[in-house]
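**Student:** Here it is, the structure in full.
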Amino acid sequence: MPSALIPLAQRRCRALLLLGALLSIVWPTIASAAVPEVPDSAVGSAAIHDGEARVTARLLVESEQVQSGRAVRAGVHFEVARGWHVYWRNPGDSALPTRISWQIEQDPEARIGEIAWPAPKVFHEIGTGFTTFGYSNEVLLAQTLELRAQIDGPIDVVADVRFLVCEEICIPGRVSLQRSLLLGAEPEADPAVTKLFDEYAARVPLPAAAHDLEIETLYSQTAVRPGDSFVLGIVAAGCKGDEGCNAAELARRDPAELFLPYDALNPTVRPLGAQPREGHPGQTIVAVRGNIEAGAPPRTVAPLRGLLAVPGIGDDGESAYVEVDLPFPTSEAESEITLLATDWLDPALMETPASVAIHLPLAFALALLGGLILNLMPCVLPVLAIKLVALSEQVHASRGRGVRLGVAYLAGIEISMLLLAGFVIALRQAGVAVGWGFQFQEPMFMVAIAILVVAMACNLFGFFEMGWDVGRAAELGQQGGDLRRSFFDGFLAVALSTPCSAPFLGTAVGFAFAGGVVDIVAIFSAIGLGLALPFVAASLVPGLARVIPAPGPWMTKLRAVLGLALLGTAVWLLWLIDRAAGSDAQLLVVIVLALVAAGSFGFGRLQRRAPGEPQRVAVATGGVATVLTLLLLPIEPLPRDANAATNEASIPWSDFDPEAIRTTLDEGRPVFVYFTADWCITCKVNEQLVLEDESVVDAFEEHGIVTFRADWTLRDETIRRELARHGKAGVPVYLVYDPSRPERPLVLPELITVDAVLKALERAARAAAG
């Protein structure tokens, strides 16, 4: 810095320090002035996390002097820590509503009004994909309190408050707040408290009639029966202004914000989006999809009431919520109904992720099918080939032994999957959200798998055998070693399969990561079952086993080829380590793998020369050395900017940036977003075969598609949240946005084709031009 600028910089630093000192004195006064002071008994803090309360609740009363028979406003003011939120009357897909219970022992006839719920915000919960409704920062839940006792003097009022507050984790809270009111005195309202009540009263949505709005409903059928799915169009007409209830502003919003039902279940409803009503200028339709639980008697079905977003009625001319109570015809399960025309519904709305609703049985079936298809992915083929060779060695000697090998392989896969599911559940309980393939975002995991892969390759090359005692192998038929090997092959299949995705797998895994413990365990188990199915079927079905050639000299050559395939996997892992942790880390791992190969060769010689106790000592020593290596090896992930991919592709990718995507869509240009990772083999295959295809590259340029790439090679919370928002928990994911539907991109399947991508790009460009 030039010497002439040093005094100026020093003066500015002193000025900033002085300003900071003044703010530290004045700010507490300013902050506390926003919430009126209350007695200590009327304040409670709860939901402790990291030693700090995440919610402070205060019992407010407009006047401490009350008269019998005259209502006074009372309520609980919640002050919520930054980044956390509490919940609305309908919490949404999960969580718990906020509850306030009043106890006035001296006046059992007191009347308590309903809570005046301000319009909530919509949250997409981290790590689950759930959509919930609630409040951040602060909120006042007000009620009317009318005392009826005919006495003069103090009377105690107690509010028992229960709530759930969530960020990445959720913490239940409960506080008991007490105030003493003077019954029989002339009310003296506190202006600050009155102002706060008025402020939040203005945020409570009014009935549609209060805005002179006309609400009409369009149904897909004359009545809804238990087990039925239906589509509903909520039409708003009568908005003031030249354009009336124009849907353009609503089309830019998150569909989840368009209709907020008062009841979470029965019927279950989910908004699809907003559209103008053709032939009715100035009217807008909010399309909603829903269903009634099978077996539910019609009398148990809740009225379809809630908050509807209507354009142009807010104070700033934007959309605002109104309260609607919709006619909802229901009928008995076996009754006859008539399906109605839905030509009023834009078909594009039915293709949005919001319209996809799956349950555990369907998700389980998709996971099973996805796990089966994983066997055709490049990640798993080497392990599957190894298992078929092993099966060939066994089934022609003894069918019973082949069955035992199949069961051991299945056990290895299922136990590995359950361990992975348990790890995911533990991380979620600790407040860490993850996705499919998350372990490959940690360089040390890749080092561990590289060590295992090289050791398995050395086994295929004949350096050593998978038995404790070669001298007893002939005596025992190598059964114990074979079973152990099958079990560890199952583990290896799981370890190598997670960088791959497959059709149906993304939807199933997204469902699991959005669900609870049972969902995660069930879906991971189903994936494992599908992954093990080909080998297990070959070992259990005699007809399939006979198709496998008998053992012969060809197997020795094939074992060597499969060993080379595993070494190829190790080379790929080394490339990933270079991308994730740098070339120095890669060199260290190469040295470690060379030592593993040398140790495997030495162990093989020991097997042949000194069976028994020396082998066990050597295995234990190797295991300890491996653990110490993984603990002490100085490998850390590179910063994200150092890991940034070079743009060598034919497509001009921009780094993923939600704000830049929104700006591009606001400018009227379509957008293509590609979620990928260096460790995702499916991503790389799709890149080479589809995205780098000349016709696809030309289509991007011809249609003016702006392309963004979200690189999830290393952990990135922004990318993970965006994946969860679209119901996904892993990569690849492909989103095609057109400017007319910025919140509802078209989600392409995990395995894309040139034709599918070209059609999606053409459709987005046509929508942008129209």
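**Student:** Before we move on, is residue 249 of a type outside the set (S, T, N, Q), under 22 Å from residue 122 (Cα atoms), outside any loop (DSSP other than H, G, I, E, B) and open to solvent by 70 Å² or more (accessible area, probe 1.4 Å)?
**Tutor:** Here the answer is no, as residue 249 does not meet what is asked.
**Student:** Which one is farthest from the chain's Cα centre (by Cα), of the residues in region 538-579 that are of a type in the set (Gly, Ala, Ser) and modelled with pLDDT of 80 or more?
**Tutor:** The qualifying residue farthest from the chain's Cα centre (by Cα) is 568.
**Student:** Tell me, yes or no, whether region 588-599 has at least one residue that is open to solvent by 60 Å² or more (accessible area, probe 1.4 Å), more than 25 Å from residue 716 (Cβ to Cβ) and at pLDDT below 80.
**Tutor:** No, that holds for no residue.
**Student:** Related question: Between a residue in region 440-461 that is free of Cβ contacts under 8 Å to residues at least 24 places away in the same chain and any residue that is surrounded by fewer than 23 Cβ atoms within 10 Å (Cβ to Cβ), which pairs come within a Cβ distance under 8 Å, given they are 6 or more apart or on different chains?
**Tutor:** 445/439
**Student:** Consider residue 164 carefully, then state whether it is surrounded by 17 or more Cβ atoms within 10 Å (Cβ to Cβ), touching a Cys at 6+ places or on another chain (Cβ under 7 Å) and touching a residue at least 24 places away in the same chain (Cβ under 8 Å).
**Tutor:** Numbers: surrounded by 17 or more Cβ atoms within 10 Å (Cβ to Cβ): yes; touching a Cys at 6+ places or on another chain (Cβ under 7 Å): yes; touching a residue at least 24 places away in the same chain (Cβ under 8 Å): yes.
In short, yes.
**Student:** I'm trying to understand the selection: among the residues of region 64-81, which are open to solvent by less than 10 Å² (accessible area, probe 1.4 Å) and under 13 Å from residue 157 (Cα atoms)?
**Tutor:** 66, 74, 75, 76
**Student:** Give region 311-327 a look and list any residue that's among the acidic types (Asp, Glu) and in contact with a strand residue (DSSP E or B) (Cβ under 8 Å, 6 or more places away or on another chain), or say none.
**Tutor:** Within region 311-327, 323, 325 meet the criteria.
**Student:** Out of (1) at pLDDT below 90; (2) more than 27 Å from residue 115 (Cβ to Cβ), the odd one out for residue 188 is which?
**Tutor:** Failing condition for residue 188: (2).
**Student:** Something else about it: What's the total number of residues in region 304-334 that are in a loop (DSSP other than H, G, I, E, B) and surrounded by fewer than 19 Cβ atoms within 10 Å (Cβ to Cβ)? Step through it out loud before you land on a result.
**Tutor:** Step one: of region 304-334, the residues in a loop (DSSP other than H, G, I, E, B) are 311-319, 327-329, 331-334.
Those still in the list that are surrounded by fewer than 19 Cβ atoms within 10 Å (Cβ to Cβ) too: 314-318, 327, 329, 331-334.
Residues flagged as in a loop (DSSP other than H, G, I, E, B) and surrounded by fewer than 19 Cβ atoms within 10 Å (Cβ to Cβ) within region 304-334 amount to 11.
**Student:** Taking residue 1 as meeting all but one of (1) of a type in the set (A, V, I, L, M, F, W, C); (2) open to solvent by 40 Å² or more (accessible area, probe 1.4 Å); (3) modelled with pLDDT of 50 or more, write down the number of the exception.
**Tutor:** The number of the failed condition is (3).
**Student:** Just to be sure, is residue 174 open to solvent by less than 40 Å² (accessible area, probe 1.4 Å), touching a strand residue (DSSP E or B) at 6+ places or on another chain (Cβ under 7 Å) and among the basic types (Lys, Arg)?
**Tutor:** No, not satisfied.
**Student:** Considering only region 95-145, state which residues are crowded, with 19+ Cβ neighbours inside 10 Å and among the acidic types (Asp, Glu).
**Tutor:** Of everything in region 95-145, those that are crowded, with 19+ Cβ neighbours inside 10 Å and among the acidic types (Asp, Glu) turn out to be 107, 125.
**Student:** Looking only at residues that are closer than 18 Å to residue 319 by Cα and part of a loop (DSSP other than H, G, I, E, B) in region 212-240, which one is modelled with the lowest pLDDT?
**Tutor:** Residue satisfying both the conditions and the ranking: 240.
**Student:** I'm trying to understand the selection: among the residues of region 47-60, which are open to solvent by less than 10 Å² (accessible area, probe 1.4 Å) and more than 26 Å from the chain's Cα centre (by Cα)?
**Tutor:** Passing the criteria: 57, 59, 60.
**Student:** Residue 363 - would you say it is within 23 Å of residue 131 (Cα to Cα), open to solvent by less than 40 Å² (accessible area, probe 1.4 Å), modelled with pLDDT of 70 or more and not basic (Lys, Arg)? Can you show your working first?
**Tutor:** Working: within 23 Å of residue 131 (Cα to Cα): yes; open to solvent by less than 40 Å² (accessible area, probe 1.4 Å): yes; modelled with pLDDT of 70 or more: yes; not basic (Lys, Arg): yes.
Criteria met by residue 363.
**Student:** Say we look at region 252-290 and pick out the residues that are part of a loop (DSSP other than H, G, I, E, B) and of a type in the set (S, T, N, Q); which of these is modelled with the lowest pLDDT?
**Tutor:** Filtering first and then ranking leaves 266.
**Student:** In region 149-171, what residues are touching a Lys or Arg at 6+ places or on another chain (Cβ under 7 Å) and not in a strand (DSSP E or B)?
**Tutor:** Within region 149-171, none qualify.
**Student:** Kindly list the number of the only condition in (1) more than 15 Å from residue 654 (Cβ to Cβ); (2) within 17 Å of the chain's Cα centre (by Cα); (3) modelled with pLDDT of 90 or more that fails for residue 735.
**Tutor:** (1)
**Student:** How do the pairs read when you match residues in region 745-768 that are small (Gly, Ala, Ser) with residues anywhere that are at pLDDT 85 or above and exposed (fewer than 15 other Cβ atoms within 10 Å of the Cβ), using Cβ under 9 Å and keeping only pairs 6 or more apart or on different chains?
**Tutor:** Note: pairs meeting the criteria are 765/702; 765/704; 768/668; 768/704.
**Student:** Output the residues belonging to region 181-211 that are in a strand (DSSP E or B) and either surrounded by 13 or more Cβ atoms within 10 Å (Cβ to Cβ) or among the basic types (Lys, Arg) (or both). Quick ask: steps written out before the conclusion?
**Tutor:** So the first thing to find is which residues in region 181-211 are in a strand (DSSP E or B), and the list is 181-183, 207.
Selection gives 181, 182, 183.
**Student:** Kindly check whether there is at least one residue in region 122-134 that is in contact with a helix residue (DSSP H, G or I) (Cβ under 9 Å, 6 or more places away or on another chain), of a type in the set (Ser, Thr, Tyr) and not in a loop (DSSP other than H, G, I, E, B).
**Tutor:** Yes, region 122-134 contains at least one residue that is in contact with a helix residue (DSSP H, G or I) (Cβ under 9 Å, 6 or more places away or on another chain), of a type in the set (Ser, Thr, Tyr) and not in a loop (DSSP other than H, G, I, E, B).
The values are calculated or read from the model by the stated rules, or taken from the named source; none is laboratory data. Every value quoted in this text rests on a predicted model; they were computed, and no experiment measured them. Ideal geometry is used to build each Cβ from the backbone, glycine not excepted, and the neighbour counts take in all protein chains shown. Surface areas here come from the heavy atoms of the whole protein model, side chains and all, with no ligands, DNA or RNA. Shrake-Rupley method; radii C 1.70, N 1.55, O 1.52, S 1.80 Å.
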